[in-house]
Protein chains: 2
Amino acid sequence: MKKESLYLKIAKVMEEQIASKTLKLGDKLPSIRTVQKLYNVSLTTVKQAYLELESKSLIEPRAKSGYFVSKASMRKFPLPSVTALKTSAQTKDPEDLISKVFNTLTNDQITQFSLGVPDKSLLPIAKLNKGVISVVQRLADGGTSYEPVQGNLNLRRSIAKWSYVLEGTLTEDDIVTTSGAMNAIFNCLMAVTKPGDTVAIESPVYFGILQIIKSLGLKAIEIPTHPITGVDLEAIKKVLPRLNACCFISNFSNPLGCMMPEEHKKELVRMLTEYDIPLIEDDLYGNLFFGATRPKPCKAFDEAGIVMWCGSVSKTLAPGYRVGWVAPGKYKEKIIRQKLLQTISTPTLYQEVIADFLEHGRYDHHLRTIRSKLYTNCLKYQGAIEAYFPHNTKISQPQGGFMLWLELDQKIDTAELYDRALQQNISYAPGRVFSQYNQYNNCMRLNFALGWNTKLENDLKRLGKIVKAAI
Amino acid sequence: MKKESLYLKIAKVMEEQIASKTLKLGDKLPSIRTVQKLYNVSLTTVKQAYLELESKSLIEPRAKSGYFVSKASMRKFPLPSVTALKTSAQTKDPEDLISKVFNTLTNDQITQFSLGVPDKSLLPIAKLNKGVISVVQRLADGGTSYEPVQGNLNLRRSIAKWSYVLEGTLTEDDIVTTSGAMNAIFNCLMAVTKPGDTVAIESPVYFGILQIIKSLGLKAIEIPTHPITGVDLEAIKKVLPRLNACCFISNFSNPLGCMMPEEHKKELVRMLTEYDIPLIEDDLYGNLFFGATRPKPCKAFDEAGIVMWCGSVSKTLAPGYRVGWVAPGKYKEKIIRQKLLQTISTPTLYQEVIADFLEHGRYDHHLRTIRSKLYTNCLKYQGAIEAYFPHNTKISQPQGGFMLWLELDQKIDTAELYDRALQQNISYAPGRVFSQYNQYNNCMRLNFALGWNTKLENDLKRLGKIVKAAI
C-alpha cells in the first residue's frame, strides 16, 4: 500500500467512527503515539491523517490537550446535491436579479448575507490607514507617476515571498499585479481565449465569472461540483477536447466552500497539461483555511506553466483597495499586454501599503485572527440554521472562506422569496444567479464574514421563518 | 452672411495679413472697437475673431495692452502632410516597437521625449499628498469597502460641476468613474461594439487606441486628420454606413495636437446621430488649451446621448492615480455593467483626493500655471527645432496639450534612428507606432511637458544632429 493512501485509510476509519457516533461530539481522539503503535506507521502518517480529518472540520485541535471531535462533525442536515453535466440546455440570464441584489448594498439597514466581502469589523482598518500615511510620505512622487506595467516591485516581491505554499518556485518576475482578482480573471480570459471559445467552470459558480464569460462572447460548460471535493474530474475528462480554458476556485470555492483534494489538483493539472489548456485558478480564499495548513493551489503542481494563479487581498484585508495579482505562467507577456491596453498601470499607493503589510508580519497576525473568527462564525451559522430552518434543508460544509450554500425544499424559489426577505431588511444571494441555466432556484448563498451577535442570530431566525412560511 | 461665418471672415483677413507679414511678429493688432467700426459688426463678433486667431496661436493677448502677433505665428517650417483615406492596405503591427520604447521608461538617465505624461516637476505633488493624508483620516472605513460601481459620489459631483464647458447639462448621475481615460475607452468599446465591428479613428492615432481595437477583434478605419482642424468630415461621410463606432480625441489630439473647430464638432455629432453611431470622445487634453477659453467637446452638441465623453487627470495632475471618467450618454447602463465585471469598483481614496482638488479651486489654479508653462515650452521647442533640425522638417502647430509631431525627410526611418538616439540617452515615439499601416516612418512625436533647461535644449540639438546625419 502506498504511503499516501495509508494516512487516508486511517482517516477513513476514524471518519466512520465519527459518523457512526462511536466517537461522539467532544470526545478526545487517541494520541498520535497511540495510533502510530496501533497501525505500526510513522508519526508523520498519523499527523497527516489527523490533518485530513481536521481539514474536513471533523476534529479540532485544542492547545496542549490533543484532538477532539468537533461540533461541525455533528451534522443534522445533509450536504447539498451535485447536479449533472449539461452540455445543451436553455440558458437563463440572471442579470436583473444580480442588479437587484447589488442595489441593496448602500443601504446599511439591511443585513447583507448577500455580500462577497468581509464586514469591516473584521478588517484592520486603523493599521492600514497608518500604512497609507507612511507610504505617501515616503514616495518621492507621491504615487503620481505610472509604475511599470507589470506592477509594483515591492508588492510583487512580497507576494512571491508569501507564496511559501508554492515552495519558493515563484519570484517577483513571475507576478503581474491587477485591480483585484476579478480583474485578474478578466485579463486572463482576454489573454487566452477568443470569442466563441469554451471555458469550463464550477456549478454552482460565482456569478461574476459567468458575466465575464458572457461579455467576452465565450461559452461556459458547467462542471458538476461536489460540496466537499470540488469539480468532478470525470466530467472534465468528458469535455476536455472541447475546452479552450478552465476557470476554477480550487480552495474554498464561492459559493460551495469546497476544496479540491491535492490528488485532484495534481490530476487536473496533468490532464490540462496534456491538452495544453490554460487553467485560470482563482485562489483568493486560500489563506482563509479552517484546517491546520494552507492548502496548496493547483499552481504548485504546474510544471508546464499552464496555470494562471490569481489572488487578491479583497477577501482578507481591503476589498476597496482593488489590489490583486496573477502568476500567469507562460502567458505572462499576454497578461502584461492586456493590462497595458486596458489601464496602463495600477495605482502605486495601495500596492505599497499591502506590500508593507505582508512584509512585516502584520498579514500573518491578521490572518490568524480572521480565520479563527470565520471558523467560529461558520459553526454558529450552521447551528442557527439547524435550529431555525426547515428539517429538509441541506447545507454545505465549507473548509475555509466565508460562504455557506443552502439547498431548500424543492417548492422554494429563493428569487421570489428575496423580496419578502428584503422587506425584513435581510439580503442573501439567490441560487439562480450561480448558473447560466434555470437551476438552483431553491438554493441561497449566505456570507458568514459578519460580526456575530444576537441581532445576526435573530436575522437568521427570521430568514428561517420566511423559508418555513413559503413551504 | 451668417453671423457665425462673419467672425471667421474677419479672422481670415487678419490671418492672411499675418501670413503675408503685413502684420509682423510683435505688432499690435487694431483695438476691438476699431475693428468693430471698420466692419460694422458687434463687439462679440470681433472678440470671436480674435479668439479664433488666438486659438491658432497666431496672436496673443497681453494684460491691459491688447493683442499682439505672436512668435508662434512666424513659422519657418510647414505643417505635416495629411494622408489619404485607405480602406484596404496591408497592416503592420508596431507592437515590438512600442515595447522597445516602453522598456526605456524606468531609466531616468534618458530624456523621455517619448512619454505621454507631464514631467513630475509640473505636478502639484505636495498638495496632492496633503490631500491623501486628510482623506484617509476622514474616511470611516479608510477606503477598504467597495464603493458603488458607478464610482465615487463626491468625484462625480465635482466632475459635473467642472463641466461648465457643457453649460450645466451634466449631473453626477451622468458620470461613471474609471481607472484613467484609457480604461474609459476600453470600457466604451467593450460596451458598444462586438468582434468584427468597425471603428473610425484619427490618423496618425494614439497607439493605445489601436491596441485596444486589435485586442477586441475590431477593425479600424484611419480617417485622414488635418494638423490644425482634426478629422476630415468628408472622409468620415464616405465610410459612415460601415461604422459601428467612432473614437476621436476632439481637442488637442495625440499626436497631432489638432482641435476640431466647433462647426466640425456640431456636424460630426449631427452625422453620427443620424446613423445612431456612438462617438467615444477622448477629451483628456481639453483643459490644456493655449487659447483664451476651454474648447467645447462634441458632447456639448449631443442631444441624442450618442457621445461618450471620456476624461481623466492623467495629463494634468497625477497619471499614477488612475482616475478617469466617462459621461456615456445613453450607454450608461452598459458601461456600469462593464465596470462591474471587469473590476467591481475603483479605489475610493484617490477619487476623493481628486474631488477635493477640483472642488476647492486648487485645480483651476494649477491648470493656469501648467497651461502657461506648456505654451512657453511649445514655443521653445519649436524655436529649437527650427534652429537645429534640417530645413525640410515639417512641424505641427498644437493649440493645446503637450505633443509635437515632426515629419522629416522621406529618407529618414525614425524606427531605425531610434537606436542611435537611445545610445545618446534620448527617447522619442517613432511615427510608425501611430498607424496600423506601414506609414509615418519618417515622423516622430515629442513630448514638451518636460522642465525646460539648457540640457533639454541641448538634447533637442543632439536629436537634430542625429536626424541631419541620417539624411
How many of the residues making up the range A:364-376 are at pLDDT 90 or above and open to solvent by 10 Å² or more (accessible area, probe 1.4 Å)? 7
Among the residues of the range B:394-408, is there at least one that is of a type in the set (Ser, Thr, Tyr) and out of contact with any Gly (no Cβ under 6 Å at 6 or more places or on another chain)? no
Of residues in the range B:66-84 being open to solvent by less than 40 Å² (accessible area, probe 1.4 Å) and among the aromatic types (Phe, Trp, Tyr), the one nearest to the other protein chains (Cβ to nearest Cβ): B:77
Condition set open to solvent by less than 20 Å² (accessible area, probe 1.4 Å) and either within 15 Å of residue A:159 (Cα to Cα) or without any contact (Cβ under 8 Å) to a residue 24 or more places away in the chain (or both), scope the range A:325-342, selection farthest from the other protein chains (Cβ to nearest Cβ): answer is A:327
From the option list A:258, A:247, single residue qualifying as within 23 Å of residue A:177 (Cα to Cα) and in contact with a strand residue (DSSP E or B) (Cβ under 6 Å, 6 or more places away or on another chain) is A:247
Looking at (1) assigned by TED's automatic domain parsing to the domain that holds residue B:213; (2) at pLDDT 90 or above, which one does residue B:147 not meet, given that it meets all the others? (2)
Take residue B:411 and decide whether it is more than 30 Å from residue B:126 (Cβ to Cβ), open to solvent by 30 Å² or more (accessible area, probe 1.4 Å), at pLDDT 90 or above and not hydroxyl-bearing (Ser, Thr, Tyr). yes
Filter the helices (runs of 4 or more DSSP H) completely within the range B:180-272 down to those with at least 2 residues that are surrounded by fewer than 20 Cβ atoms within 10 Å (Cβ to Cβ) and away from every other protein chain (no Cβ under 14 Å). B:233-239
Can you tell me which residue in the range A:164-179 is farthest from residue A:404 (Cα to Cα), limited to those that are of a type in the set (Ser, Thr, Tyr) and more than 14 Å from chain B (Cβ to nearest Cβ)? A:171
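To keep it simple, each residue is scored yes or no on (1) outside any loop (DSSP other than H, G, I, E, B); (2) on the phi < 0 side of the Ramachandran plot; (3) open to solvent by less than 50 Å² (accessible area, probe 1.4 Å).
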{"site": "B:25", "(1), (2), (3)": "no, yes, no"}
{"site": "B:45", "(1), (2), (3)": "yes, yes, yes"}
{"site": "B:48", "(1), (2), (3)": "yes, yes, no"}
{"site": "B:51", "(1), (2), (3)": "yes, yes, no"}
{"site": "B:86", "(1), (2), (3)": "no, yes, no"}
{"site": "B:104", "(1), (2), (3)": "no, yes, yes"}
{"site": "B:108", "(1), (2), (3)": "no, yes, no"}
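Residue-wise test of (1) closer than 21 Å to residue A:198 by Cβ; (2) touching an Asp or Glu at 6+ places or on another chain (Cβ under 9 Å); (3) modelled with pLDDT under 95.
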position	(1), (2), (3)
A:220	yes, no, no
A:223	yes, yes, no
A:228	no, no, yes
A:232	yes, no, no
A:237	yes, no, no
A:243	yes, yes, no
A:250	yes, yes, no
A:263	no, yes, yes
A:267	yes, no, no
Does any residue of the range B:381-391 turn out to be within 28 Å of residue B:292 (Cα to Cα) and crowded, with 23+ Cβ neighbours inside 10 Å? yes
Is it the case that residue B:451 is at pLDDT below 95 and surrounded by fewer than 21 Cβ atoms within 10 Å (Cβ to Cβ)? yes
Of a type outside the set (Phe, Trp, Tyr) and within 14 Å of another protein chain (Cβ to nearest Cβ) - does that describe any residue in the range B:360-380? yes
Hits in the range A:422-441 - residues which are part of a helix (DSSP H, G or I) and either open to solvent by 10 Å² or more (accessible area, probe 1.4 Å) or without any contact (Cβ under 8 Å) to a residue 40 or more places away in the chain (or both): A:422, A:423, A:432
Here are B:407, B:386, B:416: which of them is within 22 Å of the chain's Cα centre (by Cα) and acidic (Asp, Glu)? B:407
With the structure loaded, tell me whether residue B:349 is surrounded by 19 or more Cβ atoms within 10 Å (Cβ to Cβ), in a helix (DSSP H, G or I) and within 14 Å of another protein chain (Cβ to nearest Cβ) or whether it fails that test. yes
Checklist (1) open to solvent by less than 10 Å² (accessible area, probe 1.4 Å); (2) outside any helix (DSSP H, G or I); (3) over 22 Å from residue B:204 (Cβ atoms) applied to residue B:444, failing item: (3)
Specify which of the listed residues (B:159, B:98) is open to solvent by less than 20 Å² (accessible area, probe 1.4 Å), at the interface with chain A (Cβ under 10 Å from one of its Cβ atoms) and either free of Cβ contacts under 8 Å to residues at least 60 places away in the same chain or over 25 Å from residue A:323 (Cα atoms) (or both). B:98
Residue pairs within 6 Å by beta carbon, gap of at least six or interchain, first lying in the range B:298-324 and over 23 Å from residue B:362 (Cβ atoms) and more than 14 Å from chain A (Cβ to nearest Cβ), second among the aromatic types (Phe, Trp, Tyr) and surrounded by 24 or more Cβ atoms within 10 Å (Cβ to Cβ), listed first then second, are B:299/B:309
Note on the range A:320-363: residues of a type in the set (Lys, Arg), under 29 Å from residue A:293 (Cβ atoms) and modelled with pLDDT under 95 are A:362
Report, by residue number, each residue of the range A:110-133 that is farther than 21 Å from residue A:182 by Cα, more than 10 Å from chain B (Cβ to nearest Cβ) and either small (Gly, Ala, Ser) or assigned to a helix (DSSP H, G or I) (or both). A:121, A:122
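Residues checked against (1) of a type outside the set (Val, Ile, Thr); (2) in contact with a helix residue (DSSP H, G or I) (Cβ under 9 Å, 6 or more places away or on another chain); (3) over 22 Å from residue A:414 (Cβ atoms):
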residue	(1), (2), (3)
A:338	yes, yes, yes
A:350	yes, yes, yes
A:354	no, yes, yes
A:363	yes, yes, yes
A:368	yes, no, yes
A:382	yes, yes, no
A:393	no, yes, no
A:398	yes, yes, no
Extreme residue, surrounded by the fewest Cβ atoms within 10 Å (Cβ to Cβ), among residues of the range B:135-153 that are more than 10 Å from every other protein chain (Cβ to nearest Cβ) and under 23 Å from residue A:126 (Cα atoms): B:138
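The values are calculated or read from the model by the stated rules, or taken from the named source; none is laboratory data. Quantities reported herein were computed from a predicted structural model and do not represent experimental measurements. Reconstructed Cβ throughout: ideal geometry from the backbone, glycine too, with neighbour counts over all protein chains shown. Just so you know, the surface numbers come from the protein's heavy atoms only, side chains and all, with ligands and any DNA or RNA stripped out. Shrake-Rupley method; radii C 1.70, N 1.55, O 1.52, S 1.80 Å.
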